[in-house]
Ligand code: PEP
Ligand code: MG
C-alpha cells in the first residue's frame with residue numbers, strides 16, 4: 001500500500017465524479033517546500049514565517065527575509081505560494097523582541113495584532129515580501145485577524161510597503177482561526193482576496209481548550225461538529241462572494257477531515273508533506289456527491305465520535 005501511495009502521489013486529487021481539489025503543503029523554508037513538491041504537493045498553502053525568527057538572537061532584516069522569500073519563489077517555480085506574516089505570541093515566544101509578558105498569551109497580542117502594534121516588524125516583512133514577489137507569484141496572508149478594521153489597516157500598510165519597493169499587486173488574505181471571523185465570514189469575505197481556515201486555532205478558540213494543555217489537548221478535536229459548523233459557514237460565505245477558500249490546519253491532513261472539507265466545498269487543502277499522498281488517495285476514491293452527504297451528516301452530528309462513526 002505504501003508503494004502504491006508513493007507511485008500515485010503526483011496524480012491530482014480528483015474525485016470519482018471529476019471534482020478537483022488543490023493539495024498544498026505547510027512548510028517553514030525552501031528546503032521543506034522542495035521536499036513537499038517531491039511528496040506530491042501542488043503548492044504551498046502556508047509558509048510559517050515565524051520559524052525565521054526562532055532560535056536566534058536578532059530579527060532577520062529586510063534583505064535576509066527577501067532572499068528567503070525569493071528562494072521560495074524559485075523553488076515553487078510558479079506554483080501557488082501563500083506566505084503568512086509573522087505569527088508570534090501565543091505558544092511561540094521570541095525573547096529578543098522584548099514583548100511584554102501576558103497572563104493569557106493565546107488571547108493576547110499575537111499574529112496580526114502584534115504586527116499592527118510593531119510596525120517595524122510589519123514593514124520589514126512586507127517590503128521583503130513585495131520585493132520577492134517580483135520573482136514569482138506570492139500571496140500574503142495575515143494570522144489572527146479578528147476585526148474588519150484590522151483588514152482595512154493591513155491593506156493600507158501593504159499598499160504603502162508595495163509603493164516603497166515598487167512591488168507588484170499581490171493577493172491579500174487572512175487566516176480564519178478566530179470564531180468571530182467564521183461567524184461573520186459574510187462580512188469579511190468581500191474585504192479579502194482569499195481565506196485560509198486555520199483549524200488548529202479555530203478549534204482551540206471554539207472549544208475553549210488550550211491546544212497544548214497536557215490533559216485537555218486530546219479533546220481539542222477539529223472534527224467537533226461545532227468547529228465543522230463554523231467551517232461550513234465560512235465556506236458558504238466565501239462561495240457567496242466568489243472568494244477562494246483553503247484550509248491549512250491539521251484537519252486538512254486527516255483523510256476523514258479532508259473528505260468532509262471537500263464535501264463542504266473548500267478549494268484547497270494544505271497539510272504536512274507526509275500527509276499529501278494519503279489525502280490525495282482518499283479524495284480520489286470517492287465521489288464529491290458522497291462527500292457532500294458525509295459533510296452534511298458530520299455538521300449535524302452531536303459529537304466528534306459520532307462524526308468518526310459516519
Ligand atoms: C492553525 O491555527 O490552524 C494554523 C494552521 O496555524 P498554526 O498552527 O501555525 O497556529
Ligand atoms: Mg493558527
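Things worth noting here:
- Given (1) surrounded by fewer than 18 Cβ atoms within 10 Å (Cβ to Cβ); (2) modelled with pLDDT of 95 or more, index of the condition residue 55 fails: (2)
- Test set (1) within 16 Å of ligand 2 (Cβ to nearest atom); (2) surrounded by fewer than 17 Cβ atoms within 10 Å (Cβ to Cβ) - residue 289 fails condition number: (1)
- Here residue 43 does not fit the description of being modelled with pLDDT of 95 or more, under 24 Å from residue 268 (Cα atoms) and surrounded by fewer than 18 Cβ atoms within 10 Å (Cβ to Cβ).
Let's see how each residue does on (1) out of contact with any helix residue (DSSP H, G or I) (no Cβ under 6 Å at 6 or more places or on another chain); (2) over 15 Å from residue 174 (Cα atoms); (3) within 16 Å of ligand 2 (Cβ to nearest atom); (4) touching a residue at least 24 places away in the same chain (Cβ under 8 Å):
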position	(1), (2), (3), (4)
236	yes, yes, no, yes
240	yes, yes, no, yes
244	yes, no, no, yes
250	no, yes, yes, yes
253	no, yes, yes, yes
256	yes, yes, no, yes
263	no, yes, no, yes
274	yes, yes, no, yes
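- Scan of the stretch 229-252 for residues that are more than 17 Å from residue 181 (Cβ to Cβ) and crowded, with 24+ Cβ neighbours inside 10 Å, ordered by number: 252
- Residue identified as farther than 28 Å from residue 75 by Cα, at pLDDT 95 or above, surrounded by fewer than 21 Cβ atoms within 10 Å (Cβ to Cβ) and more than 12 Å from ligand 1 (Cβ to nearest atom) among 183, 169: 183
- Residues located in the stretch 182-225, provided they are touching a strand residue (DSSP E or B) at 6+ places or on another chain (Cβ under 7 Å), within 16 Å of ligand 2 (Cβ to nearest atom) and in a loop (DSSP other than H, G, I, E, B): 198
- Residues of the stretch 154-176 satisfying the condition of being in contact with a strand residue (DSSP E or B) (Cβ under 7 Å, 6 or more places away or on another chain) and assigned to a loop (DSSP other than H, G, I, E, B): 170, 171
- Residue count, the stretch 86-123 (criterion: under 16 Å from residue 48 (Cα atoms) and either more than 12 Å from ligand 1 (Cβ to nearest atom) or out of contact with any helix residue (DSSP H, G or I) (no Cβ under 6 Å at 6 or more places or on another chain) (or both)): 10
The values are calculated or read from the model by the stated rules, or taken from the named source; none is laboratory data. Note that the structure is predicted; figures quoted are calculated from it, not measured. Virtual Cβ from ideal backbone geometry, glycine too; neighbours counted across all protein chains shown.
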